[in-house]
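*Asks:* Take this structure, written in structure tokens, and hold onto it; I'll ask about it next.
The values are calculated or read from the model by the stated rules, or taken from the named source; none is laboratory data. Treat the numbers as computed from the prediction; the structure is a model and nothing was measured. Glycine also receives a Cβ, built like all others from the backbone with ideal geometry; neighbour counts cover every protein chain displayed.
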Amino acid sequence: MKIKILFNRKKKLNTQKMAVIEVEAYVSRDLRFIKSTGIYLEPKYWDENKSRIKNNHPQSPELNYRLINFKNELERQYISEYYPYGYFKAEKKKRFFYEYFENEVMFIHNENLSVGTKRIYARILKYLKEYRPIDFPIEEVDVSFLQSFNLYLTKQKGLANNGRHSLFTKIRKVMRAATLDDIITPGQDPFLKGFKIREIEPEKTSLTLKELTDLERLDMTLRPELILTRDMFLFQCYTSLRYGDVSTLTQDNFDLLENNKIRLHYIPQKTKNVNNKRISWIITDFWNGKADAIIKKYLDGPGMFFKISNEYYNRQLKELQRFAEIKTVLTSHLARKTCITLLINDYGLDIAKTQMIAGHSKIEMTRRYLKIDERDLSEAAKKIDW
């Protein structure tokens with residue numbers, strides 16, 4: 001039996017310029033069923049090649065999810081109704097890698113992912129299609145295929161080890177989802193058969209305390225258009241907020257306390273759909289109140305304090321770097337790393353407390369920022385009573 005999704009089968013729109021989406025179950029030349037899904041759509045939102053609703057439709061994830069469920073339910077219904085009478089033989093449907101990756105993993109299994117993570121999945125799919133343009137059965141994703149794709153990412157795309165490790169981590173999740181959906185067996189998962197890209201511990205670069213101080217004291221008279229960018233970057237250096245969090249801050253994220261201190265509280269965009277854990281701390285107690293001074297400039301403003309796009313922010317950071325004559329490339333993530341690094345190594349803040357401020361899920365992620373040199377070892381040795 002074949003089941004497919006049809007749009008505007010009768011080539012006729014209703015008074016609202018929309019057509020219905022239907023599902024066809026084809027058993028044989030003499031046995032065919034068509035059922036309406038009850039979903040109406042404008043033609044501009046339908047992807048004929050992929051038989052799905054385009055991503056630019058405001059409700060595309062929910063509606064595509066309904067279509068897949070409707071399709072699966074129709075298949076189960078007719079198998080149970082006609083299979084006992086010998087109308088057809090039930091066969092395990094062959095699933096194709098790209099189709100499964102795009103239609104189900106990205107929009108169903110991972111429907112609550114952040115926008116940034118969804119972009120990573122989309123980039124992986126783009127690389128895969130460039131490497132092997134025609135879709136293929138998911139069972140063919142084996143160790144040999146992944147090794148060849150890894151070589152392609154290295155030679156053709158110039159991706160470093162950790163960049164490739166990040167991408168393969170997502171592919172591993174796709175194969176895990178396929179196992180949970182009974183599309184493949186655990187024995188067919190190449191990641192369970194030995195394929196692995198080991199992550200190399202990256203060197204944690206950050207601004208020094210002197211560089212941060214110089215940036216704070218920088219005279220912005222000649223470049224007033226960069227003031228907002230500097231304020232946003234410095235606020236990240238004081239709080240370790242990611243771009244997705246700092247760019248959505250509003251008055252609701254701050255409490256003015258009786259002792260004239262300010263409490264920051266927010267749910268990280270990266271994990272809000274996973275655990276909804278709120279991060280809350282009094283920012284006045286750190287950095288001699290420098291974070292307070294910045295945020296008070298914007299408390300009376302409407303809406304979001306730092307509402308600028310990530311692309312524009314990065315362009316402005318390049319301008320700020322040139323203006324401040326800083327050798328280190330300024331990025332949003334550098335600001336976050338600067339905060340964590342300085343809190344641990346220069347101010348001696350406890351690892352566990354720094355983890356809370358950074359919002360790391362595991363303390364090992366925070367511990368990576370700890371720097372230990374010969375001087376630290378010598379000082380520690382003096383305290384040992386032999």
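*Asks:* Please report, ordered by residue number, the helices (runs of 4 or more DSSP H) entirely within the range 206-315 with at least 2 residues that are touching a Leu at 6+ places or on another chain (Cβ under 9 Å).
*Replies:* Details: elements: 209-216, 227-239, 243-246, 290-296.
Those helices (runs of 4 or more DSSP H) span 209-216, 227-239, 290-296.
*Asks:* Is it the case, given these coordinates, that Glu130 is at pLDDT 90 or above, outside the structural domain of Leu67 (by TED's automatic domain parsing), closer than 29 Å to Glu62 by Cα and surrounded by fewer than 16 Cβ atoms within 10 Å (Cβ to Cβ)?
*Replies:* Here the answer is yes, as Glu130 does meet what is asked.
*Asks:* Now a separate question. I need a count of the residues in the range 317-333 that are in a helix (DSSP H, G or I) and crowded, with 19+ Cβ neighbours inside 10 Å.
*Replies:* So the first thing to find is which residues in the range 317-333 are in a helix (DSSP H, G or I), and the list is 317-324, 332-333.
Imposing the further condition that a residue be crowded, with 19+ Cβ neighbours inside 10 Å reduces the set to 317, 320, 332.
The number of residues fulfilling the criteria is 3.
*Asks:* Suppose the filter is surrounded by fewer than 19 Cβ atoms within 10 Å (Cβ to Cβ), farther than 16 Å from Leu215 by Cβ and touching a residue at least 60 places away in the same chain (Cβ under 8 Å); does Ile279 pass it? Lay out the reasoning, then the answer.
*Replies:* Numbers: surrounded by fewer than 19 Cβ atoms within 10 Å (Cβ to Cβ): yes; farther than 16 Å from Leu215 by Cβ: yes; touching a residue at least 60 places away in the same chain (Cβ under 8 Å): yes.
When the stated conditions are applied, Ile279 passes them.
*Asks:* Exactly one condition in (1) under 25 Å from the mean Cα position of the chain (by Cα); (2) within 17 Å of Arg230 (Cβ to Cβ); (3) among the acidic types (Asp, Glu) is false for Glu364; which is it?
*Replies:* For Glu364, the failing item is (2).
*Asks:* Of all the residues that make up the range 133-163, how many are among the charged types (D, E, K, R) and surrounded by fewer than 13 Cβ atoms within 10 Å (Cβ to Cβ)?
*Replies:* Here is the first cut: in the range 133-163, the residues among the charged types (D, E, K, R) are 135, 139-140, 142, 155, 157.
Those left that are additionally surrounded by fewer than 13 Cβ atoms within 10 Å (Cβ to Cβ): 140, 155.
Number satisfying all stated conditions: 2.
*Asks:* Out of (1) touching a residue at least 40 places away in the same chain (Cβ under 8 Å); (2) touching a strand residue (DSSP E or B) at 6+ places or on another chain (Cβ under 7 Å), what's the single condition that is false for Lys290?
*Replies:* That leaves (2) as the condition not met.
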